[in-house]
1. Filter segment 274-297 for residues that are part of a loop (DSSP other than H, G, I, E, B) and of a type in the set (D, E, K, R); which is surrounded by the most Cβ atoms within 10 Å (Cβ to Cβ)?
2. What residue, among those in segment 65-77 that are open to solvent by 30 Å² or more (accessible area, probe 1.4 Å) and touching a helix residue (DSSP H, G or I) at 6+ places or on another chain (Cβ under 7 Å), is modelled with the highest pLDDT?
3. Take the conditions under 26 Å from Gly108 (Cβ atoms), among the polar types (S, T, N, Q) and modelled with pLDDT of 95 or more and apply them to Ser152. Does it pass?
4. Please work out which one of (1) at pLDDT below 95; (2) in contact with a Cys (Cβ under 9 Å, 6 or more places away or on another chain) is the condition Arg25 fails and give its number.
5. List the number of the failed condition for Leu267; all other conditions in (1) in contact with a strand residue (DSSP E or B) (Cβ under 7 Å, 6 or more places away or on another chain); (2) of a type outside the set (Ser, Thr, Tyr); (3) over 27 Å from Leu42 (Cα atoms) hold.
6. Being at pLDDT 95 or above, surrounded by fewer than 19 Cβ atoms within 10 Å (Cβ to Cβ) and closer than 21 Å to Asp73 by Cβ is true for just one of Val134, Val120. Which residue is that?
7. Do you know which of the residues in segment 207-231 that are buried (at least 21 other Cβ atoms within 10 Å of the Cβ) and of a type in the set (Gly, Ala, Ser) is nearest to the chain's Cα centre (by Cα)?
8. Could you check segment 205-253 and list, in sequence order, the residues that are farther than 26 Å from Trp59 by Cα and in a strand (DSSP E or B)?
Amino acid sequence: MSTAGPPQGAKAPLGGSGPRAAGERGGGFRVQRRPVHGVLLLDKPLGLSSNQALQKAKWLLRAEKAGHTGTLDPLATGVLPLCFGAATKFSQGHLDADKTYETTVRLGVTTTTADAEGEVVRTTPVSCSAGDVVEVLDRFTGPIRQLPPMHSALKKDGKALYDYARAGQTVEREPREVLIHELELLDMDLTGEQPFLRLRVKCSKGTYIRTLGEDIGVALGCGGHLVALRRVATGPFDVSQCITLAALEALDEPQRSAQLKPPEVLLPDHTPVTLASDDAGRFLSGMRRRGLWPDAARVAVFGERPHALLGTAHIQAGEIIPDRLLSPLEIQQILQAALSRGARS
């Protein structure tokens, strides 16, 4: 994923605060990449895809390796955890985390994409009452079934659904069960020129908020589409912990690095186990270790001296069995970065 210059659409960092050029070719920057390990909690801006936001943050940090933990639509903003270096080894588990969104559903107007990017296909007078809204929202709380939208990244026969949609094709999709933990009405206007509902949704992975908004509009008899979507929490991460791209760009490189959280923040549901030096070395080489541990499906394993994440494991019949391991070089780089931050503080 490394590039020889800024990602497409990215501007060269302003005021000399960006990555230093190792040389120039054709007027562009050649960035000297470096090992960066950790999690950046980004408040994704409106209009960028998740990958565009990732590439800009990667450019600003000069990181060698990066990935994100699930996508947000370009029209959505909010919490987007970005993983760098060793943290990418644990990003997959975060895809299963519950998410919380705040969204605005424009009632009475149906679009091709169930959001403001699509073309209007139908307008319907809004004649529902506040009582109707409360009853319908109650209906959409708990386990529900959703038909994945055609404008989504879900794949059918190896091809994303949005590729079919862009070609004017509609393919058969199977409804999926998702769980709406909470569906709170924050505000509404049923009689104005642009009637709307503003909702807070806490849901399981795989929930399409566009589809939820559209289905609520159908249930109210008037249709609807999303005009705003903000993810305010994902797993243990809240939007108040996040930094914007503009704020990240305004920092110097050491300050940007200080925004990274250690890889173990991705493992909040893992049982921590600390191994003494001898056992830690053997564990890192892939060997099982035996001890008085109860069975556990998810374990975060740390070395004792120095205290450092070694990887993940599971425990069965008193044996701790490695699953995903950090390399000794990754551990050394993480410890050195922590020492460097401590020396500057």
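The values are calculated or read from the model by the stated rules, or taken from the named source; none is laboratory data. A quick note: this is a predicted structure, and the numbers were derived from the prediction, not measured. Cβ atoms come from the backbone with ideal geometry, glycine included; neighbour counts cover every protein chain shown. When the accessible area is computed, the model is the full protein with side chains, heavy atoms only, and any ligands, DNA or RNA have been set aside. Shrake-Rupley method; radii C 1.70, N 1.55, O 1.52, S 1.80 Å.
1. As a first pass, look at segment 274-297 and keep what is part of a loop (DSSP other than H, G, I, E, B): 276, 285-288, 291-295.
The next check asks that each one be of a type in the set (D, E, K, R); those that pass are 288, 295.
On the way: Arg288: 14, Asp295: 10.
Out of the qualifying residues, it is Arg288.
2. Within segment 65-77, the subset open to solvent by 30 Å² or more (accessible area, probe 1.4 Å) is 65, 68, 71, 73-75.
If we keep only those that are touching a helix residue (DSSP H, G or I) at 6+ places or on another chain (Cβ under 7 Å) as well, we get 65, 68, 71.
Working: Lys65: 94, His68: 83, Thr71: 83.
So the residue we want is Lys65.
3. Details: under 26 Å from Gly108 (Cβ atoms): yes; among the polar types (S, T, N, Q): yes; modelled with pLDDT of 95 or more: no.
Spelling it out, it is not the case that Ser152 is under 26 Å from Gly108 (Cβ atoms), among the polar types (S, T, N, Q) and modelled with pLDDT of 95 or more.
4. With respect to (1) at pLDDT below 95; (2) in contact with a Cys (Cβ under 9 Å, 6 or more places away or on another chain), Arg25 is out only on (2).
5. So Leu267 meets the others, but not (3).
6. On the way: Val134 fails: closer than 21 Å to Asp73 by Cβ.
When all the criteria are applied, what remains is Val120.
7. Out of the qualifying residues, it is Gly213.
8. Gly224, His225, Leu226, Val227, Ala228, Leu229
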